[in-house]
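Report on the structure given below.
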Amino acid sequence: MRNIVLTGFMGTGKSSVGKLLAQRLGFRYCDLDARIVEEEGISINEIFSRHGESHFRALETSAVRRLAQEQQCVVSTGGGAVIAPENRRLLMEAGVVVNLTASVEEICRRLREETDRPLLRDNRSEEHIERMLAEREPYYAHAELRIDTTGKSVEDVVAEIIVYLKERGFAWKP
């Protein structure tokens, strides 16, 4: 098996699920945003404020290209990584794409204390998040598997993904 790619909006559980899933599968965990921060030497907030979103998206595509070449990785993408057609194509070629969702209310609750979300810096309202989710829905819908994480534990979501993989005959060495 190549990779498991987790997509979804901010606060849907990609990082938490990704870390545990990687552990359960015996895979490496790869956080796309963390890679960009490490390579650039500055935070995502700094990248956005100094260079703008378009520069960040170019860095993101470059990181997706490199990650797509790796094997046995659970990859957590940033919430907007799937917007670019090239990223969607590369991620689907890289492995099984799993989209994590959550209700608007749950996302707001999970992100209440977050300060490192540049696209929510000026507006954290449910209406704003709902608008962003609606805009991104067509891109998230490309996933092979979609799981609503609202009210579920990280362990439950990981178990759902593993059941899905087993049902489709994917093999890995834990």
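Here are the numbers:
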item: Long-range neighbours under 9 Å by Cβ, at least six apart or interchain, first residue touching a residue at least 12 places away in the same chain (Cβ under 8 Å) within the stretch 19-36, second charged (D, E, K, R) and assigned to a helix (DSSP H, G or I); result: L20/E155; Y29/K19; D31/K14; D31/K19; L32/E60; D33/E60; R35/R66; I36/E60
item: Selection within the stretch 10-33 - touching a helix residue (DSSP H, G or I) at 6+ places or on another chain (Cβ under 7 Å), under 23 Å from A171 (Cα atoms) and either among the acidic types (D, E) or part of a helix (DSSP H, G or I) (or both); result: S16, V17, L20, L21, R24, D31
item: Residue pairs meeting the criteria (Cβ under 6 Å; at least 6 apart or on separate chains; first open to solvent by less than 80 Å² (accessible area, probe 1.4 Å) and at pLDDT 95 or above, in the stretch 145-166; second in a loop (DSSP other than H, G, I, E, B) and of a type outside the set (F, W, Y)); result: T149/T12; T149/G13; T149/A102; T150/A102; T150/S103; V157/T149
item: The stretch 37-52 residues that are closer than 16 Å to A63 by Cβ and hydrophobic (A, V, I, L, M, F, W, C), paired with ones that are open to solvent by 60 Å² or more (accessible area, probe 1.4 Å) and in a loop (DSSP other than H, G, I, E, B) (beta carbon under 8 Å, 6 or more apart); result: I44/D116
item: Checklist (1) over 27 Å from D148 (Cβ atoms); (2) not in a loop (DSSP other than H, G, I, E, B) applied to V64, failing item; result: (1)
item: Considering residues of the stretch 6-35 that are within 9 Å of the chain's Cα centre (by Cα) and at positive phi only, the residue surrounded by the most Cβ atoms within 10 Å (Cβ to Cβ); result: G8
item: Tally of residues being within 23 Å of L20 (Cα to Cα) and either of a type in the set (D, E) or in contact with a strand residue (DSSP E or B) (Cβ under 7 Å, 6 or more places away or on another chain) (or both) across the stretch 133-164; result: 14
item: Sole exception among (1) open to solvent by 40 Å² or more (accessible area, probe 1.4 Å); (2) modelled with pLDDT of 80 or more; (3) touching a Lys or Arg at 6+ places or on another chain (Cβ under 9 Å) for R124, by number; result: (2)
item: Contacts under 6 angstrom Cβ, first residue in the stretch 93-107 being open to solvent by 10 Å² or more (accessible area, probe 1.4 Å), partner charged (D, E, K, R) and not in a helix (DSSP H, G or I), 6 or more apart; result: G95/R2; V97/E144; T101/D148
item: Which listed residue, of I4, I83, is in contact (Cβ under 8 Å) with a residue 12 or more places away in the chain and under 20 Å from H128 (Cα atoms); result: I83
item: Residues that are in a helix (DSSP H, G or I), under 25 Å from G18 (Cα atoms) and polar (S, T, N, Q), drawn from the stretch 34-59; result: N45
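The values are calculated or read from the model by the stated rules, or taken from the named source; none is laboratory data. All figures in this text were calculated on a predicted structure; none of them were measured in a lab. With ideal geometry, Cβ positions are generated from the backbone for all residues, glycine too; neighbour counts draw on all protein chains shown. Surface areas here come from the heavy atoms of the whole protein model, side chains and all, with no ligands, DNA or RNA. Shrake-Rupley method; radii C 1.70, N 1.55, O 1.52, S 1.80 Å.
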